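Enquirer: Structure below; questions to follow.
A short reminder: the numbers here are calculations on the coordinates, not readings from a lab. These numbers were taken from a predicted model, which means no experiment stands behind them. Please note: Cβ atoms are built from the backbone with ideal geometry, for glycine as well, and neighbour counts cover all protein chains shown.
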Amino acid sequence: MTKSFFQAFVLLVLVTDPFGNVPIFVSALVNVAPERRWRVVVRECAIAFALLLLFMFFGRRFLEALQLSEISLRIGGGVILFLIALRMIFPQPGGIMGDADSHGESEPFIVPLAIPAIAGPSALATVLLFSSNDVTDMLVHAFALAASAAVSLLVLLSAERMQRALGPRVMTAFERLMGLILTAMSVEMLLAGIRGYLKTL
């Protein structure tokens, strides 16, 4: 159980990418009054956590409604995670999720901070993989999601100070390291999906 929790926690931290989201949050909150910024961060993290938790608990029914197998989702999720990891290692203009501009709004709401910065396609695909009929597994994954949400909240609340203290080069290097780890995990997920498919033949 501990191993399952740790693996889920690490994977969720990697796909929600709190350190990679630091520049996005800093730029999106630049026009927000300093005394309100922490409230916006807490609100956006809470919205993202609620959405991910919803996908985790009702993901299996969602798959059944679309007539999708867990194997296809595992392979598709592995491909998405691999592409996200490549963008972490080889940064593109606009960040991991593309254009993360706040479109001139003084205070962003849901988009682009909660979605897709935190609860992006890779995170949603990952929590769908955690859907299970086993109550113990669901509780372990829910606690892992809560722990990863707490990490995101702590990192993003200190985003401005962290960016000033570490500088852009250190933040970029750390994000590339996370991308390298995520690459290995996405390949493992893809291989597990392929092995599962081969067993059905």
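Enquirer: With +1 on each Lys and Arg Cβ and -1 on each Asp and Glu Cβ, and nothing else charged, work out how big the dipole of the chain is about its Cα centre, in Debye to the nearest 20. Display every interim value, and only then the final one.
Expert: On the way: 15 positive and 14 negative charges, 67 e Å.
It comes to approximately 320 debye.
Enquirer: Please grab the % of Cα pairs in region 108-201 that end up more than 15 Å from each other.
Expert: Numbers: 3317 of 4371 pairs.
Value for region 108-201 (Cα pairs over 15 Å): 76 percent.
Enquirer: Using alpha carbons only, how many degrees (0 to 90, rounded to 10) separate the axis of helix 135-157 from the longest principal axis of the chain?
Expert: 20
Enquirer: Moving on to the next point. Return the FRET efficiency for the residue pair ALA46, VAL135: r is the Cβ-Cβ distance, R0 is 22 Å, and the value is rounded to the nearest 0.05.
Expert: Plugging the Cβ-Cβ distance into 1/(1 + (r/R0)^6) gives 0.35.
Enquirer: Separate question: What distance in nm lies between label points placed 7 Å from Cα along the C-beta direction at ARG39 and ARG176?
Expert: 4.0
Enquirer: Taking Cα atoms, how many degrees apart are the long axis of helix 159-200 and the longest axis of the chain, rounded to 10 and kept between 0 and 90?
Expert: Orientation of helix 159-200: about 10 degrees from the principal axis.
Enquirer: Taking the Cα centroid of region 20-46 and of region 130-201, what is the distance between the two, rounded to the nearest whole Å?
Expert: Taking the Cα centre of each part, region 20-46 and region 130-201 sit 21 Å apart.
Enquirer: Mind ordering 135-143, 193-201 by average Cβ neighbours within 10 Å, highest first?
Expert: In descending order of packing, they fall as 135-143, 193-201.
Enquirer: Please give the calculated 222 nm ellipticity per residue for the chain, where each DSSP H segment of at least 4 residues contributes -39500 (n - 2.57) and the sum is spread over every residue; nearest 500 deg cm²/dmol?
Expert: Numbers: 7 runs with 148 residues, N = 201.
Helix-only estimate at 222 nm: -25500 deg cm²/dmol.
Enquirer: What is the Å³ per residue value for the convex hull set by the Cα atoms of the chain? Walk me through the numbers before you get to the answer.
Expert: On the way: hull volume 24.1 nm³, N = 201.
It is 120 Å³ per residue.
Enquirer: Which whole number of Å³ per residue matches the convex hull of the alpha-carbon atoms in region 1-80?
Expert: Working: hull volume 11.1 nm³, N = 80.
So the per-residue Cα hull volume is 139 Å³.
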